[in-house]
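Just so it is clear, none of the values below were taken in a lab; they were calculated from the coordinates. Just so you know, these numbers come straight off a predicted model, no measurement behind them. Note that each Cβ is placed from the backbone with ideal geometry, even for glycine, and that neighbours are counted across all protein chains shown.
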Amino acid sequence: MKRTKRERQKLLLETIRQTPFVTDEELAEKFQVSVQTIRLDRMELSIPELRERIKSVAQQQFEKVRALAPEEVIGDVIDLELDKSAISILDIKKEHVFSRTGIARGHHLFAQANSLAVAVIDDEFALTAKCVITFKRQVREGERVVAKANVVRDEGDFTVVKVDSFVNRELVFQGTFTMYRSRSKGGKSACEARD
């Protein structure tokens, strides 16, 4: 069933309100029109492109982060509830991958998860004391990694944060981070990687 332009634009607006991080390509497929038509609709409705929508939400969420400066967070924090949960998005680009294979370097996935684990802590001085990580599958250039952090438990001077990273709902990385908080002195830094 073909919709009128007005009907399509109304549905487009509703769709973006419900799922602000939907891509133009996904919208084009949903409404069975070209990507160019979606872009023109967005322009007429004054809806910014995906990157700008993500940046806007990330700036609002980042104001809550206490332990990191904006340039220290890897990825865009799009949701943050201090000492509870957080979500970030990292689009894998050419600079994140090995040139010969197009596969993302592991330290980028780790850095996204680790900085999210730091960001979720409601403390101006939060450090990674220990982590256990597992890479579940290779991530390639052009893929979007969505990292979800959840505070698991508080152990006095330490808080345990679990981070799961996904590409299209497929688990690609897991990490359990023991985060040192400034409530006391000390704390060692160690990281253990497992296959």
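For this structure, a couple of remarks:
- Placing a label point 7 Å from the Cα of residue 107 along the Cα-to-Cβ direction, the residues of region 115-136 whose backbone N falls under 16 Å of that point are 115.
- With the simple spin-label model, which puts each label point 7 Å out from Cα in the Cβ direction, the residue 72 to residue 49 separation comes to 3.1 nm.
- Square roots of five times the Cα gyration tensor eigenvalues for region 69-132, Å: 24, 13, 9
- Estimated inter-spin distance, residue 157 and residue 13, nm [label 7 Å along Cα→Cβ]: 5.6 nm
- Here the residues 96, 107, ranked from fewest to most Cβ neighbours within 10 Å of their Cβ, fall in the order 107, 96.
- Sorted fewest first by neighbouring Cβ atoms within 10 angstrom, 43, 179 come out as 43, 179.
- Radius of gyration (Cα atoms) of region 5-47, expressed as a multiple of 2.2 N^0.38 Å: 0.97.
- Of 20, 33, 9, farthest towards positive along the dipole that unit charges on Lys, Arg, Asp, Glu beta carbons give region 5-47: 9
- Rounded to the nearest whole Hz, the Karplus-based 3J(HN,Hα) values (6.51 cos²θ - 1.76 cosθ + 1.60, θ = phi - 60°) of region 175-181 follow the sequence x, 10, 10, 9, 9, 7, 10, with x at glycine and proline.
- Sites residue 26 and residue 3 - FRET efficiency at Förster radius 25 Å, r taken between beta-carbons, to 0.05: 0.90
- Ranking of 84, 148 by count of other Cβ atoms within 10 Å, fewest first: 84, 148
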